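Everything on this sheet refers to the single structure shown next.
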Amino acid sequence: MTMESILGYMERYDYENLFICQDRSVGLRAVIAIHDTTLGPATGGTRMWTYPSEMDAIEDALRLARGMTYKYAAAGVNLGGGKCVILGDPRREKSEMLFRALGRFINRLGGIYLTGEDVGTTLREMEYMRMETPYVVTLPASWGGAGPIGGATAFGVVQGMKACARAAYETDSLEGRTVAVQGLGAVGSEVVPLLVRAGARVVVSDIDGEKVETITNGYSVTAAPPDEIAAHPADIFCPCALGGIINAETIPRFRVKIICGSANNQLREERDGTDIHARGILYAPDYVVNAGGTIFDTDRLNPGGFNRERAMTNVSRILETMASLIRISREEGIPTYRAADLLAERRIDAVRKAKALAARGEARL
Ligand code: NAD
């Protein structure tokens, strides 16, 4: 992307705003992208990363903000898509004053952008930003936030898996199904007990041997080497580690009927989603089935503040969302990743039209 093409890119994908923030006194350089606020305030975490160039940072903020629009729309959450990126090394350049300065910028936006944690930031920095602005969603439970979200994300992934099982095997029971789980971090380690409780046979893998040991000691599961887990013969592959795991090299090696996991950006390229569909493997679009954490986390924006029961009920609806998009995929003969985008776009369009009609009605009064 070049400076000249930024507006062209924003026009093509219908972005609303792009803010560039600078505070020399604390070394802050950040970009805030607002994609679409039809459903509600643009929401998305603050990422801190050593970008090779300023353009890379701008492009990442824009791309991630658009992804958030689709994620919330498909999840039925009334929030829009936004993202903030800080140019810097999260291991060396974090400071209270830097995050407080960013908090003041976000405050000046008056609530069109709400932030949270992302790669390179933690709940500690969210506390610093909260000192300057109320527009911080992800906070520790002691600050009125939802606390850790890995468990809710895992629950949502398993709901998505049930919808896939219903489509592939005509029952959403996971009893007796073999599930290969890649990655035993915050999400994968919570997926395993849910699957074991559902009666699935679970095979796990992680590059961190200690995590594998903890899980195999705690549950009746087996382990496979990291370089074999994606090709492990199973009913379901559950990627909970890296992005790009569905690609030209892995696709011919998959020996499963379903792929459903939390990892972000699982398709290395869009055409991998088309390819996997053509091979008859049911792919659960990542941003749909991994939305549990964000549904849980943003529940505190509802009237009355955070309510665990309501939050988990909303997370459980990932099952219905996944079932709807499988229906769209089958009826329209399109891959599931495209059906997910359509589902999101149709919801935004419907709300946009309803708002326009309501505005016209008000004008007539
Ligand atoms: P995490 O960093 O806690 O865990 C990732 C795990 O994957 C680590 O244990 C790591 O050792 C392991 N791993 C890395 N490479 C591997 C490989 N080649 N083979 C096997 N294991 C490998 O991350 P997380 O929070 O559990 O998130 C997992 C994925 O889900 C990420 O892609 C993340 O972006 C996505 N995600 C997470 C959440 C959440 O609530 N945490 C929400 C949405 C999406």
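Readers should treat all values here as calculations from the given coordinates under stated rules, not as data from a laboratory. The model shown is predicted, which means the values in this text are computed figures rather than measured ones. Neighbour counts run over all protein chains shown; Cβ positions are idealised from the backbone, glycine included.
Quick one: Ile215, Ile32, Ile251, fewest Cβ neighbours within 10 Å first, how do they rank?
Details: Ile215 22, Ile32 25, Ile251 16.
Ordered by Cβ neighbours within 10 Å, fewest first: Ile251, Ile215, Ile32.
Relative contact order for the range 264-336 using alpha-carbon pairs under 8 Å, separation at least 6, rounded to a whole percent?
33 percent
Given R₀ = 35 Å, what would the calculated FRET efficiency be for Arg108 paired with Leu242, taking r from the Cβ atoms and rounding to 0.05? Before the final figure, lay out each step's value.
Working: r = 36 Å, r/R0 = 1.04.
Taking R0 as 35 Å, the efficiency between Arg108 and Leu242 is 0.45.
Arrange Arg100, Arg308 by Cβ neighbour counts within 10 Å, fewest through most, would you?
Working: Arg100 19, Arg308 12.
Result, fewest neighbours first: Arg308, Arg100.
Would you be so kind as to identify all helices of the chain, as entire DSSP H runs, whose Cα atoms reach 24 Å or more along the helix's own axis and whose mean Kyte-Doolittle hydropathy is at least -1.0?
54-75, 150-169, 336-364
Hull surface divided by four, with the convex hull built on the Cα atoms of the range 150-345: how many nm²? Before the final figure, lay out the partial values.
Working: hull surface 43.0 nm².
Averaged projected area of the range 150-345's Cα convex hull equals 10.8 nm².
Could you tell me how far the Cα centroid of the range 88-147 sits from the Cα centroid of the range 171-205, in Å?
Between the Cα centre of the range 171-205 and that of the range 88-147, the gap is 33 Å.
Report, in debye and to the nearest 20, how large the dipole of the range 110-187 comes out about its Cα centre when Lys and Arg carry +1 and Asp and Glu carry -1 on their Cβ. Before the final figure, lay out the partial values.
Working: 5 positive and 8 negative charges, 33 e Å.
So the magnitude is around 160 debye.
Just how large is the dipole of the range 150-345 about the Cα centre, in debye to the nearest 20, putting +1 at every Lys and Arg Cβ and -1 at every Asp and Glu Cβ? All intermediate terms of the calculation are to be shown ahead of the outcome.
Numbers: 19 positive and 25 negative charges, 95 e Å.
So the dipole magnitude of the range 150-345 works out to roughly 460 debye.
Given Cβ point charges of +1 (Lys, Arg) and -1 (Asp, Glu) and nothing else, what value in debye, to the nearest 20, does the dipole of the chain about its Cα centre take? Present the calculation step by step, with values, prior to reporting the outcome.
Working: 42 positive and 45 negative charges, 191 e Å.
Using Cβ point charges on Lys, Arg, Asp and Glu, the chain gives about 920 debye.
Need one number: the % of Cα-Cα pairs in the chain sitting beyond the 28 Å mark. Working shown, then result.
Values: 30572 of 66430 pairs.
Distances greater than 28 Å cover 46 percent of the Cα pairs.
Go ahead and estimate [θ] at 222 nm for the chain from helices alone: -39,500 (n - 2.57) per DSSP H run with n ≥ 4, summed, over the residue count, rounded to 500.
Working: 13 runs with 162 residues, N = 365.
It lands at -14000 deg cm²/dmol.
Report the antiparallel proportion of the DSSP beta bridges in the chain as a percent, rounded to a multiple of 5.
Numbers: 13 of 38 bridges.
Percent antiparallel among DSSP bridges in the chain is about 35.
State which entries of Lys71/Lys257; Lys83/Lys257; Lys71/Lys162; Lys71/Lys353 exceed 26 angstrom in Cα-Cα distance in the structure shown.
Numbers: Lys71/Lys257 24 Å; Lys83/Lys257 34 Å; Lys71/Lys162 20 Å; Lys71/Lys353 20 Å.
Beyond 26 Å: Lys83/Lys257.
Grab the beta carbon distance between Arg352 and Arg253, set R0 = 41 Å, and tell me the FRET efficiency rounded to 0.05. Don't skip to the end; give the middle numbers.
Values: r = 43 Å, r/R0 = 1.04.
So, using R0 = 41 Å, E works out to roughly 0.45.
Working out 0.36 nm times the residue gap between Glu331 and Tyr9, then minus their Cα-Cα distance, what length gain in nm do you get to one decimal?
On the way: separation 322, 0.36 × 322 = 115.92 nm, distance 3.18 nm.
Contour length minus Cα-Cα distance gives 112.7 nm.
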